[in-house]
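Scroll down for the structure; my scribbles are underneath it.
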Amino acid sequence: MSKDSHQIETKVIHAGEPRPGIEGAVSLPIFQSSTFEYSGGESYHDLRYIRLNNTPNHEALAAKLAALENARSALVTSSGMAAITSTLLTVLSSGDHLLIQKGLYGGTHDFITQDLPKLGITHSLLDMENPSSWESCLTATTRAIYVETITNPLIEVADLPAVVEFAARHDLVSIIDNTFASPVNFRPLDWGFDYSLHSATKYLNGHTDIVAGAVLGSAQRVRAVTHKVNHLGGSLDPHACFLLHRGLKTLVLRVRHQNQSAMEIARFLEEHSAVAKVNYAGLTSSPSYQSAQRLLDGYGGMLSFELAGGVAAAVRFMERVQIPVVAPSLGGVETLVTRPATTSHLGMPPAERLALGITDGLVRVSVGIEATPDLIADFRQALD
Ligand code: PLP
């Protein structure tokens with residue numbers, strides 16, 4: 001049986017591991033060496049150097065990541081933003097136009113709307129609920145389309161196969177940020193996307209102790225981004241590679257628990273009289289339910305909700321919960337709560353935020369791996 005045909009639980013442990021182990025080590029050691037002895041090669045690519053992303057730690061990690069999403073190739077980067085910016089700068093040149101989903105992660109949104117125009121790269125916002133309107137956003141220089149599997153913080157899942165089909169019909173490069181779903185819940189390349197990007201800071205690492213990113217795709221596409229990253233310098237340090245490699249091994253266990261726990265918490269919140277609205281794609285009340293059910297293997301560990309008492313109640317709730325940590329970021333083993341208006345979307349003008357449906361009182365929860373009954377009891381006492 002080929003290694004590719006193994007299930008994700010097996011791949012996450014064994015894919016990309018050097019066997020036999022180096023000096024018999026079962027766990028891949030950290031090669032904390034910036035450069036490596038010249039081995040006689042004639043090409044630039046024969047040089048081994050941390051910035052060139054080709055140390056043993058980079059290579060093992062990239063092979064494991066590629067296996068998880070059935071990609072031909074993968075690259076790890078120094079952050080999720082390094083993965084996103086380097087991919088966009090690889091695909092787009094001055095004069096090009098990009099189509100983007102409304103409500104992207106704040107850092108991505110700002111890079112596209114504030115930095116790319118200075119390089120002569122323009123964009124249009126797509127109404128994801130209305131695919132028939134996308135055609136009118138095309139220009140003669142539209143080159144790519146960029147979306148997220150599950151949006152932050154409203155937990156929406158668009159018609160992703162329609163995105164792939166639209167991209168193929170108009171010869172666009174299709175790029176998706178798969179951070180919120182993780183490879184456990186969605187594998188974009190299987191659905192025809194050209195690039196799958198991750199903030200590996202979140203679920204892939206899972207332990208809230210590093211910042212990292214990943215780019216997955218065909219060998220040719222990943223090689224092109226690697227070339228850009230090698231010049232921009234957004235490479236991951238070997239020690240952080242080691243931590244990410246270690247964190248990845250429990251990805252499936254963590255995410256499956258988080259899927260189930262978030263579902264139970266979402267149902268509990270929906271029933272509570274102090275809660276006005278819950279955003280979770282696994283709830284039948286969610287406008288994204290049909291799409292999520294068709295595409296995802298699990299609905300993920302992220303949810304958000306609004307309290308009937310608005311901002312004041314949201315602030316009180318966050319003061320009163322005891323188990324979750326009040327902090328930005330997501331995807332770790334500990335439950336985190338945050339108000340996007342004061343963290344991930346702080347940089348966005350309030351009117352723009354509201355137009356997207358992100359109220360000041362919205363509370364976002366990244367469900368960790370604590371016991372679900374403990375979390376529900378804690379949420380209940382804070383809400384009551
Ligand atoms: N993509 C998503 C969906 C995110 O939530 C984040 C960060 O919160 C990023 C990308 C950026 O990742 P990083 O902070 O690792 O650069």
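The values are calculated or read from the model by the stated rules, or taken from the named source; none is laboratory data. Not measured: the values here are computed from a predicted model. Quick reminder, even Gly has a Cβ in these numbers, built from the backbone with ideal geometry, and neighbours come from all protein chains shown. Please note that ligands, DNA and RNA were not included when accessible areas were found on the heavy atoms of the full protein model with its side chains. Shrake-Rupley method; radii C 1.70, N 1.55, O 1.52, S 1.80 Å.
With respect to LEU61, determine if the residue is in contact with a strand residue (DSSP E or B) (Cβ under 7 Å, 6 or more places away or on another chain) and either open to solvent by 30 Å² or more (accessible area, probe 1.4 Å) or more than 16 Å from the ligand (Cβ to nearest atom) (or both).
It is false that LEU61 is in contact with a strand residue (DSSP E or B) (Cβ under 7 Å, 6 or more places away or on another chain) and either open to solvent by 30 Å² or more (accessible area, probe 1.4 Å) or more than 16 Å from the ligand (Cβ to nearest atom) (or both).
The set of residues from the stretch 359-384 being in contact (Cβ under 8 Å) with a residue 24 or more places away in the chain and open to solvent by 50 Å² or more (accessible area, probe 1.4 Å) comprises ASP360, ILE369, ASP374, ARG380, GLN381, ASP384.
The criterion of being of a type outside the set (Gly, Ala, Ser), away from the ligand (no atom under 16 Å from the Cβ), over 18 Å from the mean Cα position of the chain (by Cα) and surrounded by 15 or more Cβ atoms within 10 Å (Cβ to Cβ) does not hold for LEU354. On the basis of being within 16 Å of the ligand (Cβ to nearest atom) and part of a loop (DSSP other than H, G, I, E, B), does ILE155 make the cut? Criteria met by ILE155.
Just one of the listed residues (THR87, THR151) is in contact (Cβ under 8 Å) with a residue 60 or more places away in the chain and open to solvent by less than 30 Å² (accessible area, probe 1.4 Å), and it is THR87.
Scan the stretch 211-229 and tell me whether some residue there is part of a helix (DSSP H, G or I), away from the ligand (no atom under 16 Å from the Cβ), over 20 Å from PRO29 (Cα atoms) and free of Cβ contacts under 8 Å to residues at least 24 places away in the same chain. Yes; the residues of the stretch 211-229 include at least one that is part of a helix (DSSP H, G or I), away from the ligand (no atom under 16 Å from the Cβ), over 20 Å from PRO29 (Cα atoms) and free of Cβ contacts under 8 Å to residues at least 24 places away in the same chain. Only residues that are closer than 22 Å to GLU370 by Cβ and either away from the ligand (no atom under 16 Å from the Cβ) or touching a Cys at 6+ places or on another chain (Cβ under 7 Å) (or both) were counted in the stretch 336-350, giving 0. Tell me whether the stretch 221-237 contains one or more residues that are open to solvent by less than 20 Å² (accessible area, probe 1.4 Å), within 30 Å of PRO324 (Cα to Cα) and not aromatic (Phe, Trp, Tyr). Yes, the conditions are met somewhere in the stretch 221-237.
Scanning the stretch 84-105 for residues that are assigned to a helix (DSSP H, G or I) and closer than 15 Å to PHE180 by Cα yields one hit, ILE84.
ALA162 meets all of the listed conditions (1) within 16 Å of the ligand (Cβ to nearest atom); (2) out of contact with any strand residue (DSSP E or B) (no Cβ under 9 Å at 6 or more places or on another chain) but one, namely (1).
Residue count for the stretch 86-107 satisfying the condition of being within 13 Å of the ligand (Cβ to nearest atom) and at pLDDT below 95: 5.
Out of the residues in the stretch 321-335 that are under 20 Å from the mean Cα position of the chain (by Cα) and more than 15 Å from the ligand (Cβ to nearest atom), which is surrounded by the most Cβ atoms within 10 Å (Cβ to Cβ)?
Across the stretch 321-335, the extreme among qualifying residues is THR335.
Take GLU42 and decide whether it is at pLDDT 95 or above and surrounded by fewer than 23 Cβ atoms within 10 Å (Cβ to Cβ). Taking the combined requirement at face value, the residue does not satisfy it.
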